[in-house]
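To keep things clear, I will list the structure first and then write my remarks on it.
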Amino acid sequence: MMRTDGRRPSATPRMAAWRSFLVLPLFFLSPAARIHVDGMMRDVTYLASTIGPRVAGSAEERRAALYILSRFDSLGYPARLQEFTLPNGRRSANVIAGHAAEALRVVVGAHYDSRPNAPGADDNASGVSVLLELARQMAGKRRDLLFVAFGAEERIDRNRSHHHYGSRHFVQAASTGLLQGLSGMLCIDCVGSGPHFYVQGMRNDGGTLAWRCRYVANQGGIAVKGGWAGPYSDHTAFARAGVPVVYYHRSPHPLTHTPRDTPATIRPEYLRLAVLAVSPAIEAICNRP
Ligand SMILES: [Zn+2]
């Protein structure tokens, strides 16, 4: 029977029971329910608290690399360390996971090192936790992307250009064919705190890929901001090699590079939103002919 006051009839106890019976399975089938936020917080806590500061070339950075390697391994990925030498003679490494070779379409990256005395929960254990959750979701499903946890992103001394060593090494070591075949590099850096979520591109592709990534985020009901990305993280080396890039980050985050960048400042909801924003972007890029 239609009511004339425009309101729906109130649910009887039996209707409410049916509704929860129908809604609960739908929730557990939805992408939101499949995101393991607790697992992401465990990764953040392990990297930022159990290990702590992970300065480029340090034993702690290496311990973090081996942890991430073991996580990719447990998800069933072929994973390896890509080692390189820093200007100060120390060794660092990227952790590369994925099946892709000649058919590579997308690189998803997040750096795992941190500044001295900074536990680096937001900068950037948050991004690594999102990287690992995306890898978990896509395990066995895609063979056209690589997940890369970059070493030595942070500055290693006072020189402002002494940074981004892992991503620069990856690009230098990659073949021209591999770079030209890439449809995008998605960089996730600082996505666990800060009120505003940015999805930004660089001018080498006119910002087209970032526009598409903002579109799919908006389609998923996620509010994101745009603008041009600065040369502040691992996307920079890829953009300079001509690869379309997208830089996912939150701002402002005043605790970054300080001892107060701890897991207590990370909002699990923000990690979930980052997964919900990046996951459909990967699918959109890879499924485009
Ligand atoms: Zn960072």
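Where a number appears in this text, it was derived from the coordinates with a stated rule and is not lab data. What you see is a predicted model, and the numbers here were worked out from it, not measured in a lab. Virtual Cβ from ideal backbone geometry, glycine too; neighbours counted across all protein chains shown.
What the phi angles of segment 247-257 give under the Karplus curve with 6.51, -1.76 and 1.60, with θ = phi - 60°, is a coupling list of 10, 9, 7, 10, 7, x, 9, x, 8, 4, 6 Hz, glycine and proline written as x. Taking amide H as placed 1.01 Å from N in the peptide plane, the amide H of GLY184 sits under 5 Å from that of VAL107, each at least 5 places away or on another chain. Between GLU269 and GLN82, the modelled label-to-label distance comes to 3.7 nm, taking each label 7 Å out from Cα in the direction of the beta carbon. Within segment 206-238, name every residue whose backbone N is under 14 Å away from a label modeled 7 Å from Cα of ARG288 along the Cβ vector. Inside the label zone: 206-217. Rounded to the nearest whole Hz, the Karplus-based 3J(HN,Hα) values (6.51 cos²θ - 1.76 cosθ + 1.60, θ = phi - 60°) of segment 74-87 follow the sequence 5, 8, x, 8, x, 9, 8, 8, 10, 7, 7, 9, 7, x, with x at glycine and proline. Across the chain, the longest piece that holds none of the trypsin sites (Lys or Arg not before Pro) lying in DSSP loops with up to 11 other C-beta atoms within 10 Å covers 8-140.
The label point for SER161 and the one for THR208, both projected 7 Å from the Cα toward the Cβ, are 3.0 nm apart. Of GLY220, GLY192, GLY52, the residue with the greatest mean-square motion in the GNM of the chain, using alpha carbon springs below 10 Å, is GLY220. Going from the residue with the fewest nearby Cβ atoms within 10 Å to the one with the most, CYS213, CYS286 rank CYS286, CYS213. For the chain, averaging the sequence separation of C-alpha pairs within contact (under 8 Å, six or more residues apart) and dividing by the residue count gives a relative contact order of 21 percent. The distance from the alpha carbon centre of segment 62-102 to that of segment 208-246 is 24 Å, rounded to a whole number. Taking 0.36 nm per residue of separation and subtracting the current Cα-Cα distance, fully stretching the chain between THR258 and GLN180 would add 24.3 nm.
Taken over the C-alpha atoms, the chain has Rg and Dmax values of 20.3, 79 angstrom.
Placing a label point 7 Å from the Cα of LYS141 along the Cα-to-Cβ direction, the residues of segment 245-289 whose backbone N falls under 18 Å of that point are 272-289.
Beta bridges per DSSP, both residues in segment 35-287: antiparallel share near 50 percent. Axis of helix 13-29 versus longest Cα principal axis of the chain: the two differ by about 20°, to the nearest ten degrees.
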